[in-house]
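The values are calculated or read from the model by the stated rules, or taken from the named source; none is laboratory data. Treat the numbers as computed from the prediction; the structure is a model and nothing was measured. Neighbour counts are summed over all protein chains in view; Cβ atoms, including those assigned to glycine, are modelled from backbone coordinates with ideal geometry. The protein model used for the area step is the full one, side chains on, heavy atoms only, and it has no ligands, DNA or RNA in it. Shrake-Rupley method; radii C 1.70, N 1.55, O 1.52, S 1.80 Å.
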Amino acid sequence: MSLYRCLVWPLVRHVESERAHRLTLDLLKTGLVLPLHIMFRQQADDPVLATTLFGQRIPNPVGLAAGFDKNAEVPDAMLRLGFGFVEVGGVTPRPQPGNPRPRLFRLEEDRAVINRMGFNNEGLDAVAARLEARRGRLGLVGVNLGANKDSEDRPGDYAISYARLAALCGFAVVNVSSPNTPGLRNLQGREELAALLARLQPLHAQYKTPLLVKIAPDLAEEDIDAVAELALQYELDGIVATNTTIARPDSLRSHHKAETGGLSGAPLRARAQAVLKQLYGKIGTRMPLIGVGGIASGEDAYARIRAGASAVQLYSAMVFEGPGLVSRIKGELAALLKRDGFKSVAEAVGKDS
């Protein structure tokens, strides 16, 4: 059993979820990430894990998913903890408090999390200032873009944020799949998504910063195909699959299972992988796919890569396993790649599709 599970989790599990998260961010901001780095990341990444994402070389394909660092407070600390890349946000043009608390729930028995945060964030100006301050530092840091709850022009919100942040980030993700802003997921419909991407296309052509879309796991097969077709038509640079789900599997055991919001973690694993595999069947190697949802081991990451992901992201599993999970996943993934004779991550992408 890990040091985190033995010593830290017995304390953390008794702290309200959102408060525990805030305390974690505050700890990382103190600079104490260096001792954590020494404790949880014992050695340099295996060279077999090095890969390329959006034309940039990264040390490994294991990224931090959006939602952990909503306001771009600790991207460099998370890179030092061993992530190959980091996605901050979601950020909206104007600050907003999000939904009423409590809005974040651990489902310990299910290794899952339900959140109904509602794009709570400090707004575009605050995030832009922090990203501006890290100009010139190494490491791939992307931004997840959202829309204000009361916006009368949600496509315009994405355009404003992309234009402002394009020069400050390594990639931008258009999040049209959060279940916690009423009506937002409607932007995944073919006509609505086409209109949104058409709005962003001139800015994308101007700024060149890689632009992706993040989709829900709850889409029907024909809607997944439509997203793939539109991503190719509007020359996006990738798709993130997937966001949280509004579905509730019968297997859930936690007393929090009936809470509204998006479910993430282990119960999402199979569906997220199926969506990714379908996308890869339509897109192939024409753009990178980022696999998210239920990744908690090197085997999970490897399965997602073989299904078509160029890289993966995680967040919920760290709630239960701590920062040492990143190092463990990378070690297991490197061993699996070598076992099957792959000399790089790129060689394994899509081998099961």
(request) Out of the residues in region 22-51 that are open to solvent by 70 Å² or more (accessible area, probe 1.4 Å) and either closer than 17 Å to residue 68 by Cα or among the hydroxyl-bearing types (Ser, Thr, Tyr) (or both), state the one that is modelled with the highest pLDDT. (result) 22
(message) Within region 72-85, does at least one residue satisfy the condition of being in a strand (DSSP E or B), open to solvent by 20 Å² or more (accessible area, probe 1.4 Å) and not polar (S, T, N, Q)?
(response) no
(message) Pull out all pairs, ordered by first then second residue, where Cβ-Cβ is under 9 Å, the residues are six or more apart or on different chains, the first lies in region 90-108 and is on the phi > 0 side of the Ramachandran plot and touching a residue at least 12 places away in the same chain (Cβ under 8 Å), and the second is open to solvent by less than 50 Å² (accessible area, probe 1.4 Å) and among the polar types (S, T, N, Q).
(response) 98/120; 98/121; 98/180
(request) Could you list, in sequence order, all residues of region 203-219 that are over 21 Å from residue 89 (Cα atoms) and crowded, with 20+ Cβ neighbours inside 10 Å? (result) 219
(request) Would you kindly identify the strands (runs of 3 or more DSSP E) lying entirely within region 248-349 that contain at least 1 residues that are more than 27 Å from residue 182 (Cα to Cα), touching a strand residue (DSSP E or B) at 6+ places or on another chain (Cβ under 8 Å) and at pLDDT 95 or above? (result) 311-314
(message) When you check residue 284 against the structure, is it farther than 20 Å from residue 175 by Cβ, open to solvent by 10 Å² or more (accessible area, probe 1.4 Å) and out of contact with any Leu (no Cβ under 7 Å at 6 or more places or on another chain), yes or no?
(response) yes
